[in-house]
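**Q** Sending over a structure as structure tokens; questions will come in a sec.
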Amino acid sequence: MNSTLAYYAENAQDFFDNTCDKEMRGIYQKFLPLIAHQGTILDAGCGSGRDTLYFLSEGYKVDAFDASKEMAALASRYIKQEVRCQTFEDIKEVDRYDAVWAAASLLHLPFSRLSTTIEQIAKALKTNGIFYASFKYGEQEYSKDGRHFTPLNVEKAKALFKEIDTLHLLDIWLSDDVRQDRKGEMWLNLLGKKILHDDS
């Protein structure tokens, strides 16, 4: 078990309690209009299951997973639906989802692994499928309380997407942390769209 997973194993309930009821409507309003109603969404690294629960309530079909078995168990009970315990590398679906939602989850990977991991995630998207991810805003990778963090700024995010052939960057913007005790901590939000290359 790596140190990030060890952190969530020890702090799963506290993390759940601190995140499950936080308001994300402003982000949802940018994401959901791009997806057909009752479309299929993969919540990749779902944490408490907060976002999955909202998407389900809006009529979308959602599969969710988390790398932490403790978080997956808490989220499963919360959304009353199975949450798989797996990693990004375990995603094997191809052309299955209308959208992938990766809120505050990919940021636990080293920057060196992001492009190949996002490429693999993109395989699970249908053509024209939507990809969302959020990262802490910043420049340098760091560890805190055992967890690894890879922040992004606008320049690094654009450079990252240039390495990902299958996704076109639609939008990039900053938002404030939704937790009241973290106000002033900024997040970088990314929206991408899977494109079909004409190799003929």
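The values are calculated or read from the model by the stated rules, or taken from the named source; none is laboratory data. Remember, it's a predicted structure, so these values are computed and weren't measured experimentally. Backbone-built Cβ (ideal geometry, glycine too); neighbour counts: all protein chains shown.
**Q** Which is more than 26 Å from Trp173 (Cα to Cα) and out of contact with any helix residue (DSSP H, G or I) (no Cβ under 9 Å at 6 or more places or on another chain), of Gly59, Gly26?
**A** Values: Gly26 fails: more than 26 Å from Trp173 (Cα to Cα).
Going through Gly59, Gly26 in turn, just one is more than 26 Å from Trp173 (Cα to Cα) and out of contact with any helix residue (DSSP H, G or I) (no Cβ under 9 Å at 6 or more places or on another chain): Gly59.
**Q** Quick one: in the range 79-92, of everything that is surrounded by 13 or more Cβ atoms within 10 Å (Cβ to Cβ) and closer than 18 Å to Ile130 by Cα, which residue is nearest to the chain's Cα centre (by Cα)?
**A** By that ranking, first place goes to Phe88.
**Q** Also: Do you know which residues across the range 1-25 are touching a strand residue (DSSP E or B) at 6+ places or on another chain (Cβ under 7 Å) and either more than 23 Å from Phe149 (Cα to Cα) or among the aromatic types (Phe, Trp, Tyr) (or both)?
**A** Tyr7 - this is the single residue of the range 1-25 that is touching a strand residue (DSSP E or B) at 6+ places or on another chain (Cβ under 7 Å) and either more than 23 Å from Phe149 (Cα to Cα) or among the aromatic types (Phe, Trp, Tyr) (or both).
**Q** Run down Gly59, Gly39, Gly49, Gly26 and say which single residue is crowded, with 22+ Cβ neighbours inside 10 Å and not β-branched (Val, Ile, Thr).
**A** Of Gly59, Gly39, Gly49, Gly26, the one residue that is crowded, with 22+ Cβ neighbours inside 10 Å and not β-branched (Val, Ile, Thr) is Gly49.
**Q** Please indicate, with yes or no, whether at least one residue in the range 35-47 is in a helix (DSSP H, G or I) and either of a type outside the set (Ser, Thr, Tyr) or in contact with a helix residue (DSSP H, G or I) (Cβ under 7 Å, 6 or more places away or on another chain) (or both). Can you show your working first?
**A** The initial filter retains those residues of the range 35-47 that are in a helix (DSSP H, G or I), namely none.
Looking through the range 35-47, none of the residues is in a helix (DSSP H, G or I) and either of a type outside the set (Ser, Thr, Tyr) or in contact with a helix residue (DSSP H, G or I) (Cβ under 7 Å, 6 or more places away or on another chain) (or both).
**Q** If you don't mind, there's one more thing I want to ask. With respect to Ile172, is the statement that it is at pLDDT 95 or above, surrounded by fewer than 18 Cβ atoms within 10 Å (Cβ to Cβ), of a type outside the set (Lys, Arg) and farther than 29 Å from Asp14 by Cβ true? Spell out how you get there, then give the answer.
**A** Details: at pLDDT 95 or above: yes; surrounded by fewer than 18 Cβ atoms within 10 Å (Cβ to Cβ): yes; of a type outside the set (Lys, Arg): yes; farther than 29 Å from Asp14 by Cβ: yes.
Here the answer is yes, as Ile172 does meet what is asked.
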